[in-house]
1. Quick one: order Ile41, Ile22 by neighbouring beta-carbon count within 10 Å, fewest to most.
2. What is the order of Met100, Met79, Met1, Met59, fewest Cβ neighbours within 10 Å to most?
3. For Leu47 and Leu9 in one chain, what is 0.36 nm times their gap in residues minus the Cα-Cα distance, to one decimal in nm?
4. Between Asn71 and Thr95, what length in nm is gained on full extension when 0.36 nm per residue of separation is reduced by their alpha carbon distance?
5. What FRET efficiency comes out for Lys146 versus Gln84 if R0 is 25 angstrom and r is the Cβ-Cβ distance? Round to the nearest 0.05.
6. Report the label-to-label distance for Asn20 and Ser32 in nanometres (one decimal), using points 7 Å from each Cα along the Cα→Cβ vector.
7. Among Leu94, Leu78, Leu50, what is the fewest-to-most ranking by other Cβ atoms within 10 Å?
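What follows draws every value from the coordinates through simple rules; no lab data is involved. Quick caveat, the model's predicted, so the values are computed rather than measured. Don't worry about glycine lacking a Cβ; one is built from the backbone with ideal geometry, like all the others, and counts go over all protein chains shown.
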Amino acid sequence: MLNDLIQALGSFVVALKLSNAIEPYSPHLSASTRLTYAIYIVEAARLTRLDPYLIAAVMWHESDFRNLPRNSTDDYGLMQVHWQKMPVSWLAGLTRKDLMDPWTNILTGARELVYTRRLCQVVDGPRPGHEWWGHYKYGVVVRGKKYGQTILWRYRMLRQPRQPSS
């Protein structure tokens, strides 16, 4: 029980740091919504063994931290999950409306990132070289490097320590 409490406290501290990192890039979000998204991101990262900052970087790029309704390419929510390219096993019991729930959308987007990493046979996180996260948008065939490079830039922006304002 104590270990569970320590783990929960550690996750909350990571979520607070992530929420603070997201703040300058999401002025439209209330502090409570930003923290809620950060908690969801950290939990999805724990369940999928991804870096929470990578999930946040993809979310920032895909939706600008806005829970967007379906777009013209059938993408939904914060992670702009593409309904038609999701494996059937992920859809068990899900509807397109479910993808508008922030927790469901973030977890499904994280699962799609894991699938992308596995697809590219890469076992570590963001690194120079092959930008496996660039496949999140395009699937197997990547049309240029700009998407992957933008995700990496956003990842680095979120990861860098913020200078205190004077």
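1. Numbers: Ile41 31, Ile22 21.
In order of increasing Cβ crowding within 10 Å: Ile22, Ile41.
2. On the way: Met100 16, Met79 30, Met1 5, Met59 27.
Least to most surrounded, the residues fall as Met1, Met100, Met59, Met79.
3. Details: separation 38, 0.36 × 38 = 13.68 nm, distance 1.63 nm.
Net length gain for the segment: 12.0 nm.
4. 7.1 nm
5. On the way: r = 23 Å, r/R0 = 0.92.
Efficiency at R0 = 25 Å is approximately 0.60.
6. Spacing of the two 7 Å Cα→Cβ label points: 2.2 nm.
7. With the fewest neighbours first, Leu94, Leu78, Leu50 line up as Leu94, Leu50, Leu78.
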